[in-house]
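Worksheet: the structure to be examined is printed underneath.
The values are calculated or read from the model by the stated rules, or taken from the named source; none is laboratory data. As the structure is a prediction and not an experimental result, all values here were calculated from the model. Cβ: placed from backbone, ideal geometry, glycine included. Neighbour counts: every protein chain shown.
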Amino acid sequence: MTTDATATTALRSPAELNRVVLRHLMPLLVAAYVISFLDRTNIGIAKERLEIDLGISATAYGIGAGLFFITYALVEIPSNLVLHRVGARFWITRIMVTWGLISAGMAFVQGEWSFYAMRLLLGAAEAGLFPGVMYFLTQWFTRADRARANGIFLLGVCTASVVGPPVGGLLLGLDGLGGLHGWQWMFLVEGLPACVFALAVWKLLPDRPEKATFLTRAEALGLQARIAAEEEAGAAVSGTHRMGQVWRNPQILLVVGVYLAEQIAVYAMSYFLPSIIGTYGTLSPVQIGLLTAIPWLFAGLGAYLVPLRATNGTTSRRLVNITAAGIAVGFALGALSGPVVGLLGFCLGAFSCFAMQAILFTFPASRLSGAALAGGLAFVNTIGLFGGFIGPYVMGAMEDLTGDKLSGLWFVVAVAAVGTVLSLFLRRGDDATAR
């Protein structure tokens, strides 16, 4: 890592300091999340081949896709509390090694039950990465800059979802090479890089500002002091100081409800969009992969552009309201319309999902501090990620029931509408209308 801090003895301005921290931390974190999301969602590309080669039904596929989130959710809070104690550098490295090995092991599933078992193990292995990074970023960015940092981190999902389908389509084309199916090659090739990249995380990721070589000691201590003052003020306003109080805080519960609705939409799209696009005509796996990537390009734009405006509580709340409605409208267009308008609808839905998610995680961070903040962010993600089970399960069950790959989208639209209503009552700690 470069030593920018030694280049000058003068303290840099907060804006310049923020740019330095972004430049040194975010490429590493985004790359880790790219690999994570490839390993989490590559079964979306393999869906049709798993059904043919292993006899897995759409319902069983939906269950397996969603089981990941059961163990992920159960392990999230303890994982984040461990990260709070031992530091992000060690814990994220551990997470990456274990999930990489298990993801590669997906190549050897034999049927429904081994598919279920490996998805459960993968969820437990990866648990804590997203809320761990969300907590880690609260130690480096003040409230005004945090939504931007969250949005940049979410570019990892968008990048993986743009790159993953075309690459997965190409890897499926290796069918028969070395006596392996194409989907087996995909799991092997996309799983093992996590173990290698874990070494970069171990070497380059500082646990906190005072351990960063790119900051002077005065800069590091000043940044930590500003962040600590914000956390203490937010916790004082909300009266939430301990983990046991987190799940009784009405505003935290509202965040959970809105996030659950958003996650149902995200994972319904992640796991079923390739097969929905397959209904648009006679398309090759690579063509399906390229078309699947388009909504994720819009997701990246949403994650990067919209959070730039979320510099205070009032603006953040309004942006969450607008993007929550955008999810419902986008998925309704996807369910109602043909290939062109339907794909545009998924683009709107993806844009709105990731614009909102980056901002939404600033709400609990404005009301919690210390271990309660680490555990509270994990709590929000834990309950929200049950949407990762609900969305794929309902999509698969509705497809089996009706024979229509689009039928489950109406469930997503209804849930997104509920999330939009809940978002109207959100208030951040620095919202001008907060009580």
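Data table
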quantity	calculated
Hits in region 323-339 (condition: of a type in the set (A, V, I, L, M, F, W, C) and more than 9 Å from ALA416 (Cβ to Cβ))	LEU333, ALA335, LEU336
Single residue of region 350-401 satisfying the filter (among the hydroxyl-bearing types (Ser, Thr, Tyr) and assigned to a helix (DSSP H, G or I)) that is modelled with the highest pLDDT	SER352
All positions within region 300-320 that are crowded, with 18+ Cβ neighbours inside 10 Å and at pLDDT 90 or above	GLY302, VAL306, SER316, ARG317, LEU319, VAL320
Unmet requirement for VAL201, which otherwise passes all of (1) surrounded by 20 or more Cβ atoms within 10 Å (Cβ to Cβ); (2) over 20 Å from the mean Cα position of the chain (by Cα); (3) more than 24 Å from GLY289 (Cα to Cα)	(2)
Residue match in region 326-335 (condition: surrounded by fewer than 22 Cβ atoms within 10 Å (Cβ to Cβ) and without any contact (Cβ under 8 Å) to a residue 12 or more places away in the chain)	no
Only listed residue being within 24 Å of ILE56 (Cα to Cα) and within 22 Å of the chain's Cα centre (by Cα), chosen from MET356, MET395	MET395
Index of the failed condition, MET118 passing every other in (1) farther than 25 Å from LEU291 by Cβ; (2) touching a residue at least 40 places away in the same chain (Cβ under 8 Å); (3) not aromatic (Phe, Trp, Tyr)	(2)
Which numbered condition GLY128 fails, given (1) at pLDDT below 85; (2) surrounded by fewer than 23 Cβ atoms within 10 Å (Cβ to Cβ); (3) of a type outside the set (Val, Ile, Thr); (4) closer than 30 Å to ARG208 by Cα	(2)
Which numbered condition SER114 misses (of (1) in contact with a helix residue (DSSP H, G or I) (Cβ under 7 Å, 6 or more places away or on another chain); (2) of a type in the set (Ser, Thr, Tyr); (3) surrounded by fewer than 18 Cβ atoms within 10 Å (Cβ to Cβ))	(1)
So LEU188, is it surrounded by fewer than 20 Cβ atoms within 10 Å (Cβ to Cβ) and either among the hydroxyl-bearing types (Ser, Thr, Tyr) or modelled with pLDDT of 90 or more (or both)	no
Condition check for LEU101: modelled with pLDDT of 90 or more and either surrounded by 19 or more Cβ atoms within 10 Å (Cβ to Cβ) or touching a His at 6+ places or on another chain (Cβ under 8 Å) (or both)	no
Which listed residue is among the β-branched types (Val, Ile, Thr), touching a residue at least 12 places away in the same chain (Cβ under 8 Å) and under 19 Å from TYR33 (Cα atoms), from ILE102, ILE63, ILE70	ILE102
Verdict on ALA31 being surrounded by 15 or more Cβ atoms within 10 Å (Cβ to Cβ), at pLDDT 85 or above and in a helix (DSSP H, G or I)	yes
Conditions (1) under 30 Å from SER13 (Cα atoms); (2) modelled with pLDDT under 80; number of the one not met by SER270	(1)
Filter result for the condition that a residue is within 19 Å of GLY44 (Cα to Cα), crowded, with 16+ Cβ neighbours inside 10 Å, of a type in the set (Val, Ile, Thr) and at pLDDT 85 or above, over ILE294, ILE288	ILE294
Conditions (1) among the hydroxyl-bearing types (Ser, Thr, Tyr); (2) touching a Lys or Arg at 6+ places or on another chain (Cβ under 8 Å); (3) surrounded by fewer than 16 Cβ atoms within 10 Å (Cβ to Cβ): number failed by TYR61	(3)
